[in-house]
Amino acid sequence: MDKRVTALESAVILHSAQILAMECLLRAMIVTHPDRAVLKEAFQRIAVELEQRLADAGFDNGLPVDSARTLVEPFHARTDDWIEWVDLV
């Protein structure tokens, strides 16, 4: 059991490092984008579409509304964080 936990922890650490590296790349791309208003609009449009797909997938798999909302809310909160960040830079 201890070896599995260690392997899982290692996988989570690696995944977290990959996500942080991608976030750095995205932030650099946003900061250097020539038209942030267009970028923000495209991001919002795509985020809404993906949020709807995520909710649909939850319902298609028979999840109750509260469970489907549990899938969507963290995604929505994170996209809101990114939109706010784009406004700040």
For the chain, with a Gaussian network of springs between Cα atoms less than 10 Å apart, report the residue from L39, L14, L25 with the top mean-square fluctuation.
L14
Determine, from the Cβ-Cβ distance of D80 and V5 and an R0 of 35 Å, the FRET efficiency 1/(1 + (r/R0)^6), rounded to the nearest 0.05.
0.55
Return the inverse of the average 1/r over all pairs of distinct C-alpha atoms in the range 32-81, which is the Kirkwood hydrodynamic radius, in Å to one decimal.
11.8 Å
Would you mind calculating the gained length between L54 and V89 on full extension (0.36 nm times residue separation, minus the Cα-Cα distance), in nm to one decimal?
9.7 nm
What value, in deg cm²/dmol to 500, does the helix sum -39500 (n - 2.57) over DSSP H runs of n ≥ 4 give at 222 nm once divided by the residues of the chain?
-32000 deg cm²/dmol
Which whole-number value in Å² is the accessible area per residue of the chain, probe 1.4 Å?
78 Å²
Using the Kirkwood formula on the Cα atoms of the chain, what hydrodynamic radius do you get, in angstrom to one decimal?
15.4 Å
Inter-label distance, nm, simple model (7 Å from Cα along the C-beta direction), V65/L20
4.0 nm
Sorted by chain and then number, the residues having a modelled amide H within less than 5 Å of the amide H of L63, at least 5 places away or on another chain, are none
Where Lys and Arg each count +1 and Asp and Glu each count -1, what net charge lies around S16 among other residues with Cβ under 14 Å from its Cβ?
-2
Determine the share of the chain's accessible area contributed by carbon and sulfur atoms, expressed in whole percent, with a 1.4 angstrom probe.
64 percent
Scoring only Lys, Arg, Asp and Glu (+1, +1, -1, -1) among other residues with Cβ under 11 Å from the Cβ of L54 yields -3
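The values are calculated or read from the model by the stated rules, or taken from the named source; none is laboratory data. This is a predicted model, so every value here is computed, not measured. So basically every Cβ, Gly included, is an ideal-geometry build from the backbone, and we count neighbours across all protein chains shown. Ligands, DNA and RNA are stripped out before the accessible areas are found, and what is left, the full protein with its side chains, is counted by its heavy atoms. Shrake-Rupley method; radii C 1.70, N 1.55, O 1.52, S 1.80 Å.
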